[in-house]
Each structure stands twice: as structure tokens, then as C-alpha cells.
Amino acid sequence: MNKDRNAHGEMLALSVVAPMHNEAGGASRLVEEIAVALNGFDHEIIIVDDASTDETLAQLHAAAASYPQLRILKHEKNAGQSRALRSGVLAACSAIVATLDGDGQNDPADILSLLEKKKETGAAMAAGERQGRQDSSAKKFASRAANAVRGRLLRDGAADTGCGLKVFDRDAFLRLPYFDHMHRYLPALMRREGYAVVFVPVSHRARSHGRSKYSNLGRLLVAFRDVLGVLWLLARAKSPGKVEEDGPK
């Protein structure tokens, strides 16, 4: 049996990718929630452990006994969220990939809403936009500031690129230029390649374990540098328009 097909020889409908770093407090619970949300839907769950130093990996191995659709990838060195997402997408067996954060603040129940919107519109990506943010006032302020600057400069139509919930075509994602923190600029990068992006309101949950991997100041400083890099990429893009194979058939 090919790894991209189920027991009936059918293509997998969806690959779900979630990066994790020191999420032992909720690793197995997130796997369970994804499995419940996609019950009856042919899928795989790919958790990318980004060199955790706690019990995250052990908990994932324990969860694998109950959820055969779970695949675990492990980074030898901590490489960050964007690299973990790329590792997961590269390993994905389905042509369509859903991503969500590994900290449990995204609700897996929203995945099917994004998938439905993507199919309905024919867009290459459906991106979640968090409603009722369950973060500290300082974090929400920093996020609003970063989104305002990014939106004004990049004009990507996104109000919340920090939301990890997204559903997209795997081949479209793999055409994008890779760099650290690219996950925050996926709508702009998709549109740079000529792909359509739609946005879907999703829920947001309070963090129940662990702590954020970024400080507010660190997030803003990195965002400023990255926006300049993405602006350069956008300025250097050239579209050939429609590409067709020509010549004898």
C-alpha cells in the first residue's frame, strides 16, 4: 500500500501538520482533538517535534498507540516554527494540508470550515482569522501593531497572519521561498505566486499549559526585519501570466 493512500487504495483527503516545542502539557490532548474533529474523514496527523527538552515526544509516542493516523517527526536541533511546518508539509501524503499551532490555542474543529471554504472558492489557501483573542492585553496590542504595519506595507488583505490555522494546496506551499518566520507571511507569499487566498473567522482558546515562545519586543523586532525582506521579494517578483505547454502533442 502506498503511503499516500488508505487501506482502500484511496488518496488521503487531508494531512494535518502541527509543530511542537515543549508542549508536554497538551501534546496528546491536541492529537485526540484533531482525531475527533476529523472522525470519518480520511486523514493523517503529522506532529513535528522541534527538539523538545520536556516529555512532549514521550507523550506523542504514547498517543500513537491509540491513533494510527499519527506520524511523528523529530528535529535533531531546534529550528523554529517555520522550519517545523516545512518539514511536516514535505512529509505530508495528501495534496491538501491543514496547519495549526501546537500549543492548543487553535481549535481543530475549525479545520473543516476552512477546508469547505477553500473548496467552495477554489482558492489555493484558506487562512484563519482569530476572533475573541484569548491572549494578554500586551500580546494583543503587539499583534495588532505588527498586523497594522504588515498590512499597510504588504497589502496582502490579511488581518491576522499570526493565526496558525490554515488549509492550502501542498504544491502551492512548496513553491514559496523558504525563510525563518515565513509562516507569518503566507498570504502575501501565496499571492506573490499568483494564488488566490480567502480568509475565514475562527475561534481562539486560552493557553492551558506552557508559555509563549516569543516575547512581545522580540516578535516586533523580528517582524520589522522580516517585512523588509518580504517587501524585497514582492518587488522582485515577475509574473509570466498563464503558462502552457506548447509544441507537438
- Query: Do the conditions hold for Gly128, that is, is it part of a strand (DSSP E or B), under 14 Å from the mean Cα position of the chain (by Cα) and crowded, with 19+ Cβ neighbours inside 10 Å?
  - Reply: yes
- Task: Would you be able to say whether some residue in the range 198-216 is surrounded by fewer than 18 Cβ atoms within 10 Å (Cβ to Cβ), modelled with pLDDT under 85, part of a helix (DSSP H, G or I) and more than 18 Å from the chain's Cα centre (by Cα)?
- Result: yes
- Taking Val167, is it crowded, with 23+ Cβ neighbours inside 10 Å and in contact with a helix residue (DSSP H, G or I) (Cβ under 6 Å, 6 or more places away or on another chain)? yes
- Note on the structure: Note on Ser143: of the conditions (1) part of a loop (DSSP other than H, G, I, E, B); (2) of a type in the set (S, T, N, Q); (3) modelled with pLDDT under 80, unmet is (1)
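The values are calculated or read from the model by the stated rules, or taken from the named source; none is laboratory data. Note that this is a predicted model, so its numbers are computed, not measured. Glycine gets a Cβ as well: all are built from the backbone with ideal geometry, and neighbour counts include every protein chain shown.
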